[in-house]
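Values in this text are rule-based calculations from the coordinates and carry no lab data. Only a predicted model underlies this, so the values are computations on that prediction, with no experimental measurement involved. Note that each Cβ is placed from the backbone with ideal geometry, even for glycine, and that neighbours are counted across all protein chains shown.
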Amino acid sequence: MGTTVFARGALLLVSGIVILLSSPPVRADEPDLSLPQAIEYSLHNNGGLKALREEKGLRDAGTVKAGLLPNPTLDFEAGTGALTGSTNENSLAIGVSQEFFLAGKRDKRRSIAELELDIYRWQLADRERLLREEVQTVFYDAVLARERLALADRSIALNRQLFEVAKERLAAGDIPELEMNLVKVELARSEGTRIETARAGLQSRARLWTLMGVPPNSQPAPAGKLDPETPMTRSLVDLKQLAGANRPDLKALVSEKDRGDADILLAEAESIPNLTAGLVLRRDATSMEIGGVDGKETAYTVGVRLSLPIAVFDRNQAGIQEARARKSSSETRLTAAVRTVEREVETAYALYQNATSVLALYKADIIPQLEENLKLTQEAYRLGEVSILSVIQEQKKFFEVSDGYLTALHARQTALVKLEAAVATDINGGAQ
């Protein structure tokens, strides 16, 4: 009896040491990274988003260009009578002309440029929405990989613990060597699983670092959890209303439709030609012979020149037709986008409800019973009441179901991320 107690005490001591040694080391040079920090850093440092922000200068330039008047035209004209035998006759004229927009074309162009800037702002906001969704998804992928790595470490610890028990029983002649070999195989399999899990975690973190735009020498470690503290309580009707009010891609299409109206107004105004007005200063030198005496005369005149094309053949019919077609296209795309957004919200909401139901089953019924079954089976093997195969099968079942539980947690979190992206709203906060 004393020998058995001592053996069990030694076994518990060894198991505790093994668990401590098998825990993943924490690197002091890797700062913890929370999800809000990852999102904020990504919004400021993501390469594609930064490049899109730089395009604002193009829209600003378009606004400036729309408000400019055409440059004035300088006209110069000189004439001489030397080629026609009138050497003393010549003329010189200089003028300045300016084109003036009629029918409010300048204001209409500025309105279109401002709408273009609005469209760009909403497109930028939509790109931020999509980046936020992608960063959150990859962040939770990395957290899932970290939790799976911890689960793999626990599997290795339990298999090593089982190995120590089997070794003692083999030495005592209670089990054949075949059982020891089965335990060795299971231990090696769990160590191989950990290697694969670590590789998947590295890939997830690398993807996250790329999205964030962190420098190559920085490798922050995601420090979050898969189980949110605050549940989602909004109804599907509320979520659809939020999506209609907050989705930036819908607002961009609304601005495109408004630009279509402005395009039609400008195209109709373009059917009215522009007026060109000019001021001309002319000097004419002439000579005539009277009674054998040559007389010279110089005359200076100031004139006004007006030019207005006659809209007989081209009244910008093609431009008006093109503007109307663009408006019709934007209206159709807006209608289709509204229906698409509603379907996105419905699908994301259904996925979230489904993931929540699956997770509830794990928490209420599966996980607690599985923990108890594993403890009972391990204790029964120590007492020699069951075979090693029963322990191996129970441990496999435990870790498979535990991995399924982590997958369910991850599915619920990613479903919530997709739902928040679909409505462009932080479910427990404000608009994104």
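Rounded to the nearest 10 degrees, the inclination of helix 177-212 to the longest alpha-carbon principal axis of the chain is 20 degrees. Helix 367-382 and the longest principal axis of the Cα set of the chain meet at an angle near 40°.
Anyone know which of 197, 87, 335 comes out most mobile in the 10 Å Cα GNM of the chain? Taking springs between Cα atoms under 10 Å, the residue moving most is 87. Full extension of the chain between residue 284 and residue 71 yields a length gain of 73.8 nm, computed as 0.36 nm times the residue separation minus the alpha carbon distance. Take the Cα of residue 236, go 7 Å toward its beta carbon, and the backbone nitrogen atoms of the range 335-372 under 13 Å from that spot belong to 342-354. For the chain, modelled as a GNM whose springs connect Cα atoms under 10 angstrom apart, the maximal fluctuation among 203, 161, 393 occurs at 393.
The slack in the chain from residue 58 to residue 97, taken as 0.36 nm per residue of separation less the alpha-carbon distance, amounts to 11.0 nm. Considering only alpha-carbon pairs that sit under 8 angstrom and 6 or more positions apart, the relative contact order computed for the range 72-226 is 23 percent.
Using a simple spin-label model with pseudo-atoms 7 Å out from Cα toward Cβ, residue 333 and residue 223 lie 4.5 nm apart. Separation between the residue 107 and residue 277 pseudo-spin-labels, each 7 Å from Cα along Cα→Cβ, expressed in nm? That separation, rounded to one decimal, is 1.8 nm. Helical content alone sets the calculated 222 nm signal of the chain at -23500 deg cm²/dmol, taking -39,500 (n - 2.57) per DSSP H segment of four or more residues and averaging over every residue. Considering only alpha-carbon pairs that sit under 8 angstrom and 6 or more positions apart, the relative contact order computed for the chain is 23 percent.
Coupling constants for the range 113-125 follow from the phi torsions by the Karplus curve (6.51 cos²θ - 1.76 cosθ + 1.60, θ = phi - 60°), and in residue order they are 5, 5, 5, 4, 5, 5, 4, 4, 4, 5, 5, 5, 4 Hz; glycine and proline get x. Averaging 1/r over each pair of different alpha-carbon atoms in the chain and inverting the result gives 29.6 Å, the Kirkwood hydrodynamic radius.
Kindly express, to the nearest 10 degrees and within the range 0 to 90, the angle between helix 56-66's C-alpha long axis and the longest C-alpha principal axis of the chain. In the chain, helix 56-66 runs at an angle near 20 degrees to the longest axis.
Between the amide H of residue 275 and those of 100, 102, distances stay under 5 Å, these residues lying 5 or more places away or on another chain, with hydrogens modeled in the peptide plane. Sorted fewest first by neighbouring Cβ atoms within 10 angstrom, 313, 398 come out as 313, 398. Taking amide H as placed 1.01 Å from N in the peptide plane, the amide H of residue 425 sits under 5 Å from that of 432, each at least 5 places away or on another chain.
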